[in-house]
Amino acid sequence: MVKYEHRSKTSKPFVSFWESLTSKQGARARAHYVLESIKEYRKQAKKILEIGCGIGMVLVNLPERYAVYGLDIERDYIEVCRRRIPRGRFFVSSMHNFKIDEKFDVIFSANDVINFLKDFDQWKSTFKAVNEHLNRDGLFIFDVYTPKMLRDTLHWLEKYNRSTSSVKEFPKGYYYDKEMVKGNTLTWDSRIFERLPNGLYQLNKYRFKETIYPVAKMKSALSEHFEILEANLREEGRKILFVCRKR
Ligand SMILES: C[S@@+](CC[C@H](N)C(=O)[O-])C[C@H]1O[C@@H](n2cnc3c(N)ncnc32)[C@H](O)[C@@H]1O
């Protein structure tokens, strides 16, 4: 029989599990769509900044010819990036009010990072900060959830009366998460059962909240600073990928 020792943590990031939780293939696919847009609209790009870079899963896939920069609100993640990508430069800051004394050819954010901002005012100030850090004609590339994600999640929860996720096993333990939808907020209620050297499991709890807004509202806020070059629906309309150019 497995013995459990329940100790709940708050939202301190659980860095050591991240790599096992995130698919490398998914990170490569995110790097691919960023690189495709660069190839199409900004072939000569040299300096690239990722906002909300996490542990650098996407940045490691960018070719060495680029000078890479990353920013994240969590210091633990940035420390992993610094070890992992010594040639990069990294900053701890929220993306909605960051200030870096440099300008970039491309700024991107991948994996619905913008949805993690608290409210739409923070979305707007992120767009402004990005614009201020772009070189002339610089690109802003990002993907976010659309309201269809909220509708589909509600539908799955009602239809199957359960979360869409199942328990996943990793070398260091088990992971499980459950989605909750309330208004325009999608919450991921996550549990990590971490295997301890004594054979017991420690329960770690995390909550991630994402706020989701209508596409028309996003487009209108973006248009204040950018020309929208592409707005492509993905994942059956649950996500949208924007490619924008600084005005
Ligand atoms: C789903 S992860 C994505 C990481 C990475 N972009 C990738 O594709 O692997 C979301 C990241 O956004 C970061 N984040 C959340 N809110 C943020 C904020 N206000 N400013 C900067 N980073 C933030 C989190 O710390 C986390 O690293």
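Within segment 85-127, the residues that satisfy the criterion of being surrounded by fewer than 14 Cβ atoms within 10 Å (Cβ to Cβ) and either free of Cβ contacts under 8 Å to residues at least 12 places away in the same chain or over 18 Å from the mean Cα position of the chain (by Cα) (or both) are P86, R87, K99, D101, E102, D121. A residue that is touching a residue at least 60 places away in the same chain (Cβ under 8 Å) and part of a strand (DSSP E or B) occurs somewhere in segment 218-229.
Selection of segment 51-73 for residues being more than 20 Å from S23 (Cα to Cα), part of a loop (DSSP other than H, G, I, E, B) and near the ligand (Cβ under 9 Å from one of its atoms) yields only I73. Restricting attention to segment 119-157, the residues that are among the small types (G, A, S), within 12 Å of the ligand (Cβ to nearest atom) and in contact with a Phe, Trp or Tyr (Cβ under 9 Å, 6 or more places away or on another chain) total 1. Restricted to segment 92-188, the set of strands (runs of 3 or more DSSP E) holding at least 3 residues that are touching a helix residue (DSSP H, G or I) at 6+ places or on another chain (Cβ under 9 Å) comprises 104-109, 134-145, 173-182. Mind checking which residues of segment 166-201 are small (G, A, S), under 30 Å from V215 (Cβ atoms) and without any contact (Cβ under 8 Å) to a residue 12 or more places away in the chain? The answer is G183, and nothing else. When you check W188 against the structure, is it modelled with pLDDT of 95 or more and not hydroxyl-bearing (S, T, Y), yes or no? So W188 does not fit the description; no. For segment 99-120, state whether one or more residues are farther than 23 Å from G26 by Cα and small (G, A, S). Scanning segment 99-120, I find no residue that is farther than 23 Å from G26 by Cα and small (G, A, S), so the answer is no. Residue count for segment 37-50, restricted to those that are assigned to a helix (DSSP H, G or I) and surrounded by fewer than 19 Cβ atoms within 10 Å (Cβ to Cβ): 3.
The values are calculated or read from the model by the stated rules, or taken from the named source; none is laboratory data. Just so it is clear, the structure is predicted and the values come from calculations on it, not from any experiment. Here the Cβ is made from the backbone with ideal geometry for all residues, glycine too, and neighbour counts use every protein chain on show.
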